[in-house]
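Inspection log for the structure reproduced underneath, given as structure tokens.
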Amino acid sequence: MERVNETYGIKAVVSDIATEGFPKIFNEEVVEGVRNFHASIKGYQATPLVRLDELSKELGVSRIYVKDESYRFGLNAFKSLGGTFAIAKFLCEKLGVDIHDVDFEYFKSQEIKEKIKDIVFVTATDGNHGRGIAWAATQLGCKSVVYLPKGSAQRRVDAIIEAGAEAYVTELNYDDAVRLATQKGEENGWYLIQDTGFEGYEKIPNWISQGYITMADEALDQLKLDGIQIPTHVFLQAGVGAMAGGVLGYYVNKFKGNHPTTVIVEPEQAACIYKSALAGDGKPHNVTGDLNTIMAGLACGEPNTVTWEILRDFAKAYVSCPDYVSANGVRILGNSIGQDKKIISGESGSVGVGLLSLLMVKPELEELKNDLGLNENSVVLFFNTEGDTDPENYKKIVHEGKNPSIF
């Protein structure tokens, strides 16, 4: 069922949720292995779960929680979770060991570093994933090469170089940059660590999605400390869908038959998950073109084939949003109400909050709000997946009103 609101430019597909068939790659054994590995990394600590009581009152829901990943390993984004775990799994296969038997420090021993020092990892990124791969590779004494799509913010490029990688901005969109990285890897004997799954390349994207379990599991632990066993709703932003599929896949396994109502949110110019859901044939569908959006981390036109089926079967709605929705979210989180804590959120991390702010107060969106069961009893969880990774654009949104509301 499609909902299109011409007033606010929001498009949504609302679907039935599967009650059978659970994605086993996100089971409890995997969760334990992932969290134990991340906990072994120097500097690891759970990122904050911020409760926004004043915003909850203003929007008319019971509680709003934001898992703030801008604190993760000092990298200002969540992507290092997937990258470090995937690289560790890859190296374990190379070395013939089980990841359950080693920790991050194992790979940093002189003996192991000597064995892996000539390995070169390659990837394509909008910024955050590439920085995470560069950081992990450098920590382990390996090299990395990162390709970025055209228009990438200079600060994101600089951050990747500072993390230890070679970085190249291409004249390609994200998906073509992935193809370039794949080609360069084949030509040079480099190893592709990419969060986009495609035919013949699914194992490593699986590992990356598994790496995101850590933040999803941390959030549940933190909610329990606040007396909440399970949120009623989770808003997950999607690029290729690796993070959204990983978090949703874990919650489906955790709460079999009773997982939170999950809303997938995308930029309208790169809404490949929405387009795939709209097609109704169960297959992933691509979006082409420049994929121009302020939500650079979500500017992906081709769904991850690994996680698409999880999103297809277990999400309740798929929503395409204009850029102003994300900009509103940036401003809402950055200008807290009353005693609520200020959250610095980048454009890709804020779009879910921006959407909720419209759903709860605009009569024209009431039908979609009701479809999702959002009301005064709702406990809503968001993941702020990045801080101000493009400080100049962040300032333009917050200080200068870039991408203003259309109402």
In segment 44-59, the residues that are among the small types (Gly, Ala, Ser) and part of a loop (DSSP other than H, G, I, E, B): Ala46
Residues that are more than 19 Å from Glu268 (Cβ to Cβ) and among the charged types (D, E, K, R): does segment 344-361 have at least one? no
Just the residues that are surrounded by fewer than 24 Cβ atoms within 10 Å (Cβ to Cβ) and of a type outside the set (Gly, Ala, Ser), please, taken from segment 263-281. Glu268, Gln269, Lys275, Leu278, Asp281
If you take the residues of segment 12-43 that are assigned to a loop (DSSP other than H, G, I, E, B) and under 20 Å from Ala219 (Cβ atoms), which of them is modelled with the highest pLDDT? Ile41
Across segment 110-169, which residue is nearest to the chain's Cα centre (by Cα) among those that are over 22 Å from Glu386 (Cβ atoms) and in a strand (DSSP E or B)? Val122
Going by the conditions given, is Leu333 assigned by TED's automatic domain parsing to the domain that holds Tyr250 and either in contact with a Leu (Cβ under 8 Å, 6 or more places away or on another chain) or polar (S, T, N, Q) (or both)? no
The lone exception for Lys67 - which of (1) in contact with a strand residue (DSSP E or B) (Cβ under 8 Å, 6 or more places away or on another chain); (2) basic (Lys, Arg); (3) within 24 Å of Leu140 (Cβ to Cβ) it fails: (3)
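The values are calculated or read from the model by the stated rules, or taken from the named source; none is laboratory data. Note that the structure is a prediction, hence the values are computed from the model and not measured. Because the Cβ atoms are built from the backbone with ideal geometry, glycine has one as well, and the counts that use them run over all protein chains shown.
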